[in-house]
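The values are calculated or read from the model by the stated rules, or taken from the named source; none is laboratory data. From a predicted model like this one, the values you see are computed outputs, not experimental measurements. Cβ sites come from the backbone with ideal geometry, for glycine too, and all protein chains shown count toward neighbours. Calculation scope for accessible area: heavy atoms of the full protein, side chains included, ligands and nucleic acids excluded. Shrake-Rupley method; radii C 1.70, N 1.55, O 1.52, S 1.80 Å.
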4 protein chains.
Amino acid sequence: MTLSIGIIGLGFMGSDHVKRVATRLNGARLGGVADLKKDLAEKYAKEYGAKVFDNGMDLIDSPDIDAVMVVTRPHETHEQFVIHAIEVGKFVFCEKPLTLTAAGCQKIIDAEVKGGKRLVQVGFMRRYDPGYIEMKQAIDSHEYGEPLLIHATHRNTAVDETYDTSMSIIETAIHEADVLHWLLGEDYESGTTFLPKKQTKYTHSKLHDPQIITLDTKSGVHIDLEVFVNDRIGYDINCSVVCEDGIINLESPQVTSVKTNDLKRQIKIPVDCTERFKVAYDHELQNWVDDVQQNKVTGPSSWDGLVAMVTCDALAKSRDNNAERVSIKLPANKPAMYND
Amino acid sequence: MTLSIGIIGLGFMGSDHVKRVATRLNGARLGGVADLKKDLAEKYAKEYGAKVFDNGMDLIDSPDIDAVMVVTRPHETHEQFVIHAIEVGKFVFCEKPLTLTAAGCQKIIDAEVKGGKRLVQVGFMRRYDPGYIEMKQAIDSHEYGEPLLIHATHRNTAVDETYDTSMSIIETAIHEADVLHWLLGEDYESGTTFLPKKQTKYTHSKLHDPQIITLDTKSGVHIDLEVFVNDRIGYDINCSVVCEDGIINLESPQVTSVKTNDLKRQIKIPVDCTERFKVAYDHELQNWVDDVQQNKVTGPSSWDGLVAMVTCDALAKSRDNNAERVSIKLPANKPAMYND
Amino acid sequence: MTLSIGIIGLGFMGSDHVKRVATRLNGARLGGVADLKKDLAEKYAKEYGAKVFDNGMDLIDSPDIDAVMVVTRPHETHEQFVIHAIEVGKFVFCEKPLTLTAAGCQKIIDAEVKGGKRLVQVGFMRRYDPGYIEMKQAIDSHEYGEPLLIHATHRNTAVDETYDTSMSIIETAIHEADVLHWLLGEDYESGTTFLPKKQTKYTHSKLHDPQIITLDTKSGVHIDLEVFVNDRIGYDINCSVVCEDGIINLESPQVTSVKTNDLKRQIKIPVDCTERFKVAYDHELQNWVDDVQQNKVTGPSSWDGLVAMVTCDALAKSRDNNAERVSIKLPANKPAMYND
Amino acid sequence: MTLSIGIIGLGFMGSDHVKRVATRLNGARLGGVADLKKDLAEKYAKEYGAKVFDNGMDLIDSPDIDAVMVVTRPHETHEQFVIHAIEVGKFVFCEKPLTLTAAGCQKIIDAEVKGGKRLVQVGFMRRYDPGYIEMKQAIDSHEYGEPLLIHATHRNTAVDETYDTSMSIIETAIHEADVLHWLLGEDYESGTTFLPKKQTKYTHSKLHDPQIITLDTKSGVHIDLEVFVNDRIGYDINCSVVCEDGIINLESPQVTSVKTNDLKRQIKIPVDCTERFKVAYDHELQNWVDDVQQNKVTGPSSWDGLVAMVTCDALAKSRDNNAERVSIKLPANKPAMYND
């Protein structure tokens, strides 16, 4: 059976996923699309032979759609679609962040628990990146002893005027909030967010850029993370795990280099996440489709979405309180369905 | 429509393609398999819900199979299957080398021309590798001026006792014979094969290893190629195009690096072609499937298979004549269907 | 005139400098040596045709010695020799740290000011490393805009049982305390030292390893520094300056790489500071000799020694107070002779 | 004793050596200079307190000069000065090539043998480069088995109108002619020079650029060498030794890298030999000075100068005869003094 997938939201990430589903995934096809911008929905529907829906709810309800992807902006809109998909019993893939509040995540978890079955996967694609996977294998093998420290950077080329100080955490650092505790296989104990006095001239009055985040895990691994969203040099993701017997580094994929007539050897830096993590997005969604074909999901769950959000809330609180150390407290009762 | 693909030959490459077709390609499914080893065919058929055929000819003839992949060993067996597929009018993807003789290639071309339509694609996957594609774009852009020289190495970790001196050209160098003239967009004028006196202790009496090949193009670009199939260090493919205003290098993809407790920084070398060119194989076959869905093929043709074979024949002649320079003469009349 | 140099202290660094002065510097020769271990002094004196002195004071007083190098351990012993050299009016090069207390540094400064002439140079060799120099030129050129952040690591292969928690700052981080504010051309505002809960199994009860230090400059540049002195992977110095229009990275020099038969490409990591900074030490002392030949010193001064020590004191205070932010306050009255 | 060195020839290399001797070498000082351009000689003499001589012969004869460096252009002029230095019994360092003919080298050898003592060192500085030394140690250790192949490139940024086709061998490839047989510890058997049809637009009518050279050693190691003297990208020296159990690569030293705001990571390429081999030149001459202080020379000898010239002659003959393979035959009777 070829899975008919419906995509709600056709912006930057949504349109990237449309192409992925329609032309690159095995066992899936683009069944339908919905977007507030009707012409956009019609364009993609025509290009890939999919159905246009008036709105996301109709798409979810349609018998022509087997599984749903929620890629809407602003992110506040995720919650309603995800919960409706759960209500009608359809598998739903939701781009990160799952919602913008811990309470919202909890509502989704409650709905899912009530239904008695995991239906939601959150779009933390880095867990599918070959580099992070190789790092996790190296850590889990204990070949290099215990992890002690992580140094990470999350740098974007540029952001627009709508991107403000809070988004450095909730839009950007959220990726590390998820992937680093997954990498280490443990929860966070506390975190801080520090706003350095000196900022780039490329930022604007609503955005403090760059920002410095730290996270400490339960076992005591210390993490520092630079979030810099107007770096001008490209989408520059680095991660170095310092262990007792070795240091494991993430490398940015490169396929060529050039020696140029200005006495330079040059290597490209990716321009954005869809270039840098193209393979990760492909693997993430192929894996989701394969799972759904077998009537299950195994990727990042609603609980992972909640963990990321609780972490972001603590980091935001620290930022608003002179970088004081803030505890990261997860809800006590983790529903059994999230313990794989 | 999902394309039903039948695969003949389930060895090292065949089994890799089985998995690719069954689990990674969009718009295709594994329809059937055939192999002299029946248990192997049954295993894959069961795993992926495909049909087992008694032999390749039956698979080709079957109405359940839309398109055919020929991955048989020894390579002498390619010809019969490819020609039969042409006769019944089915698209056929054939792993390289298309055949082991120029005459064999010509027979396939004649059959295809008689049928009046391109049906054959040859498995020169490097044309789909992101690295070679980026190099070709750089060359075609003329940003670095005219290409003058190419230095290349084709190194394998190890080969077995059945691999002999002739195979360094026909099995191994054939990849560069294809991809380098594609990269430059022109034909070869002449070539040489030199057997250095000193050989690796890991070779055997039937195999001269390493070997040094040169090729000169019509315009005068000079190429040197090291073929070393028992290098012990891994599958190590290098290609450096020296231009008037810059040098373009192929880089081996890497996703992590490690600093280890013996004062070393280490980066992995791929072990074989399926690791190094995994993405290239995926793109090659996705592209083929997309084309076939549209009732055409645009990848490497029977003519490209012939060009590679004529080139290999010249290199073999040089090898057998003290590395003398041998002209590379393509048949005069290139059928119009091969001029894209 | 060839300068006759006397060296007091012939341990790890002292013996390295003996060889440097005797065999690599232009315009200098090894005039004399002194060490509590007499046989060591006699060995080097014999090897290089120098005079043995009973003690450092005699060496300083001797008319056969034109200029003095103080390389004694423990570092508490530096102060007396440096002050005596000032008293007799001889140029004196003192390995870092100048002394172990700010008060000690101030005494040296007072003596130097009283004498009315700069005579002291402190062994902050990194200011002479080609990498740091290239970084400083890049920063000063403003080609990449304003510096915003620095990420640094100072990693040693291993330390012995005498190395304790305090030495991570005063022995190790002191190098960055000096070189980073020199790189940026401004003073520090505040600093913190954080002791992560998780430590390497290779440490011992008196040493907390690794440690995380931060420094913020007057203008607001934020620095983080990992100090890890039992990393097992080698002497691994990294420094990355994040600017508004580019990121400048220090690279560890390498002269060869090797592809080995375990599918690895390998690059060496230096084992210790004398390997990593060999060129820097050479340049540092050649520069000092050249200066002294012209009756002056221009390298790191007693004031720089004091700045480093005040910085270290603040970091130690932070470490002992749960990583609280501690102001870094330099004495108000900087003697004019230290304003070059 | 500080050695008084006299330098004849103050062009590009000569002036570089003047600075080296006067300011960087231990145990030596600039005693005197001579050049046809008198003002140049006077300038350097004044700057470094050296004596000006009317001509090279007077410099050699002067009791104020302990040892002589011959750095004159054109290279034909080397011979007379070297022979005169031998006649008066002074150690003489001569920049490569020792002379421009094998006969000239033989005359020098004859003079030296007649004197009964090695007095000449030839300026093959690469033998003192840390990279080549590390490669030689790796080869000699047999850790990677027997060497089988060498791939090398010798690329210059640009040359002027006086540089013609013959100089690609005698000026440029001569470095590899020397260093590669030293690296392997054996003599050459034969060589070829091939002139590819396609040349860079930056060359002129008297210069064929690039050129491809091959050398085969007695044991059968095969070497290929690209000589490209108008590459525009910088002074780009590469050398890769393919062994049975590993591949050893020369790396170009780098001390920083930069990520720039055009999505690039950049590493510098040196502009010329004095930048790339600065350390090698320093070590070469420090070693020579140290040797001369002990009344001997141990560096590259007149015999090495002859070997390089005989090799160049064979390569030139091949070039003039359609790249035919030409034997490289050294004189049968190697004087005993050249067997260290």
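Computed quantities for the displayed model
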item: Number of the condition not met by C:THR200 [criteria: (1) buried (at least 24 other Cβ atoms within 10 Å of the Cβ); (2) in contact with an Asp or Glu (Cβ under 7 Å, 6 or more places away or on another chain); (3) more than 30 Å from D:ALA138 (Cβ to Cβ)]; result: (1)
item: Selected residue (criterion: most open to solvent (accessible area, probe 1.4 Å)) from residues of the range D:164-175 that are touching a Lys or Arg at 6+ places or on another chain (Cβ under 8 Å) and in a loop (DSSP other than H, G, I, E, B); result: D:ASP164
item: Residues of the range D:217-252 classified as surrounded by 20 or more Cβ atoms within 10 Å (Cβ to Cβ) and within 30 Å of C:PRO147 (Cβ to Cβ), total; result: 2
item: Only one of B:ASN321, B:ASN333, B:ASN287, B:ASN261 that is open to solvent by 20 Å² or more (accessible area, probe 1.4 Å), free of Cβ contacts under 8 Å to residues at least 40 places away in the same chain and not assigned by TED's automatic domain parsing to the domain that holds B:ILE133; result: B:ASN333
item: Residue tally, condition open to solvent by 10 Å² or more (accessible area, probe 1.4 Å), under 30 Å from A:PHE91 (Cα atoms) and away from chain B (no Cβ under 13 Å), over the range A:120-154; result: 1
item: Residue, farthest from the other protein chains (Cβ to nearest Cβ), within the range A:226-275, restricted to residues that are of a type in the set (Asp, Glu) and more than 29 Å from C:HIS222 (Cβ to Cβ); result: A:ASP262
item: Residue in the range C:177-189 that is touching a His at 6+ places or on another chain (Cβ under 9 Å) and open to solvent by 40 Å² or more (accessible area, probe 1.4 Å) present; result: yes
item: The range A:51-80, subset within 19 Å of A:GLN286 (Cα to Cα) and assigned to a loop (DSSP other than H, G, I, E, B), residue most open to solvent (accessible area, probe 1.4 Å); result: A:ASP66
item: Hey, D:THR192 open to solvent by 10 Å² or more (accessible area, probe 1.4 Å), within 11 Å of chain B (Cβ to nearest Cβ) and over 20 Å from the mean Cα position of the chain (by Cα) or not; result: yes
item: Those residues of the range C:25-50 which are closer than 24 Å to C:ASP291 by Cβ and either more than 20 Å from the chain's Cα centre (by Cα) or in a strand (DSSP E or B) (or both), in sequence order; result: C:ASN26, C:GLY27, C:ALA28, C:ARG29, C:LEU30, C:GLY31, C:GLY32, C:VAL33, C:ALA34, C:TYR48, C:ALA50
item: Single residue of the range C:1-14 satisfying the filter (of a type in the set (A, V, I, L, M, F, W, C) and closer than 15 Å to C:ASP66 by Cβ) that is surrounded by the most Cβ atoms within 10 Å (Cβ to Cβ); result: C:ILE7
item: Inter-residue pairs, beta-carbon under 6 Å, first charged (D, E, K, R) and in the range D:78-89, second assigned to a helix (DSSP H, G or I), 6+ apart; result: D:GLU79/D:GLY104
item: Given (1) out of contact with any Cys (no Cβ under 6 Å at 6 or more places or on another chain); (2) crowded, with 18+ Cβ neighbours inside 10 Å, number of the condition B:LYS206 does not satisfy; result: (2)
item: Flag for A:THR157 being in contact with a strand residue (DSSP E or B) (Cβ under 9 Å, 6 or more places away or on another chain), within 14 Å of chain C (Cβ to nearest Cβ) and part of a loop (DSSP other than H, G, I, E, B); result: yes
item: Residue ID - nearest to A:TYR235 (Cα to Cα), chosen from residues in the range C:207-225 that are more than 8 Å from every other protein chain (Cβ to nearest Cβ) and hydrophobic (A, V, I, L, M, F, W, C); result: C:ILE223
item: Condition check for D:TYR202: assigned to a loop (DSSP other than H, G, I, E, B), within 11 Å of another protein chain (Cβ to nearest Cβ) and not acidic (Asp, Glu); result: yes
item: Filter result (outside any helix (DSSP H, G or I) and over 20 Å from A:ARG20 (Cβ atoms)) within the range A:81-93; result: A:GLY89
item: Lone qualifier among C:VAL92, C:VAL70, C:VAL18, C:VAL82 - being within 14 Å of another protein chain (Cβ to nearest Cβ) and within 21 Å of the chain's Cα centre (by Cα); result: C:VAL18
item: Selected residue (criterion: nearest to C:PRO74 (Cα to Cα)) from residues of the range C:15-36 that are touching a residue at least 60 places away in the same chain (Cβ under 8 Å) and open to solvent by less than 30 Å² (accessible area, probe 1.4 Å); result: C:HIS17
item: The one condition in (1) more than 19 Å from the chain's Cα centre (by Cα); (2) not assigned by TED's automatic domain parsing to the domain that holds C:ASP291 that C:GLU87 fails to fulfil; result: (2)
item: Residue list for the range C:290-300, restricted to those being surrounded by 19 or more Cβ atoms within 10 Å (Cβ to Cβ) and either within 11 Å of chain D (Cβ to nearest Cβ) or under 15 Å from the mean Cα position of the chain (by Cα) (or both); result: C:GLY299, C:PRO300
item: Hey, B:THR214 without any contact (Cβ under 8 Å) to a residue 60 or more places away in the chain, in a strand (DSSP E or B), assigned by TED's automatic domain parsing to the domain that holds B:ILE170 and surrounded by 21 or more Cβ atoms within 10 Å (Cβ to Cβ) or not; result: yes
item: Meets criteria (among the small types (Gly, Ala, Ser) and either in contact with a Gly (Cβ under 6 Å, 6 or more places away or on another chain) or more than 27 Å from A:ILE139 (Cα to Cα) (or both)) for B:SER219; result: yes
item: Filter result for B:GLY116 (open to solvent by 50 Å² or more (accessible area, probe 1.4 Å), more than 14 Å from the chain's Cα centre (by Cα), away from chain A (no Cβ under 14 Å) and at pLDDT 95 or above); result: yes
item: Residue in the range C:176-183 that is in contact (Cβ under 8 Å) with a residue 60 or more places away in the chain, out of contact with any Phe, Trp or Tyr (no Cβ under 6 Å at 6 or more places or on another chain) and assigned to a strand (DSSP E or B) present; result: no
item: Condition check for D:ILE108: farther than 30 Å from B:ARG232 by Cβ, part of a helix (DSSP H, G or I) and open to solvent by less than 10 Å² (accessible area, probe 1.4 Å); result: yes
item: B:PRO130 vs. criteria in contact with a Cys (Cβ under 6 Å, 6 or more places away or on another chain) and not hydrophobic (A, V, I, L, M, F, W, C); result: no
